[in-house]
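So the structure is just underneath, and the comments pick up after that.
Bear in mind that the values in this text are calculations on the coordinates, not laboratory data. Given the structure is predicted, the values throughout are model-derived calculations rather than measurements. Methodologically, a virtual Cβ is constructed for each residue, glycine included, from the backbone with ideal geometry; neighbour enumeration extends over all protein chains shown.
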Amino acid sequence: MNYKVLDIIHLWADSRGKLVHSVFPSKGKIYVYSTGDLGKEAAKVCKFIALVENQPWTFEKQRKNELYELTFFPETARLEDLFE
């Protein structure tokens, strides 16, 4: 995982204040838990990462009880890489 991508996501998460509950990387993905639906903003973050890093990133959104889980990961990642 590129450390710069994690930096970008942390900066975005910090700007969302109390909406973002936590951010942590794991197995080639970056998980963001929020108390509100930040899906539209996550799409913009992925476009910004592609602009800065020249590598496309995408995200998946799930609702888990009280929190939303946004999972950011590189579009070019192979399934095997995500579970190493």
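Tabulated values for the structure
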| item | result |
| --- | --- |
| Residue-count net charge about Glu60 - beta-carbon cut-off 15 Å; Lys, Arg +1, Asp, Glu -1 | +2 |
| Contact order relative to length of the chain, as percent, for alpha carbon pairs under 8 angstrom and 6 or more apart | 27 percent |
| Whole-Hz couplings from phi, Karplus 6.51/-1.76/1.60, listed for the stretch 8-13; x for Gly and Pro | 4, 5, 5, 4, 5, 4 |
| Sorted by Cβ density within 10 Å, fewest first, the residues Ser22, Ser34 | Ser22, Ser34 |
| Under Karplus coefficients 6.51, -1.76 and 1.60, residue-wise ³J(HN,Hα) of the stretch 23-35 in Hz, glycine/proline x | 9, 7, x, 6, 6, x, 10, 10, 9, 10, 9, 9, 8 |
| Projected-area mean, the chain, by convex hull of Cα positions, square nanometres | 5.1 nm² |
| Label-reachable residues, the stretch 1-23, where backbone N falls under 14 Å from a point 7 Å from Tyr33's Cα toward its Cβ | 19-23 |
| Lysine pair number, Cα distance threshold 17 Å (strictly under), the stretch 3-82, separation 8 or more or different chains | 9 |
| In nm, spacing of pseudo-spin labels at Thr76 and Arg63 (7 Å Cα→C-beta vector) | 3.6 nm |
| The stretch 38-77 - charge dipole about Cα centre, Lys and Arg +1 at Cβ, Asp and Glu -1, debye rounded to 20 | 160 debye |
| Dipole moment magnitude, nearest 20 debye, the chain about Cα centre, only Lys, Arg, Asp, Glu C-beta charged | 240 debye |
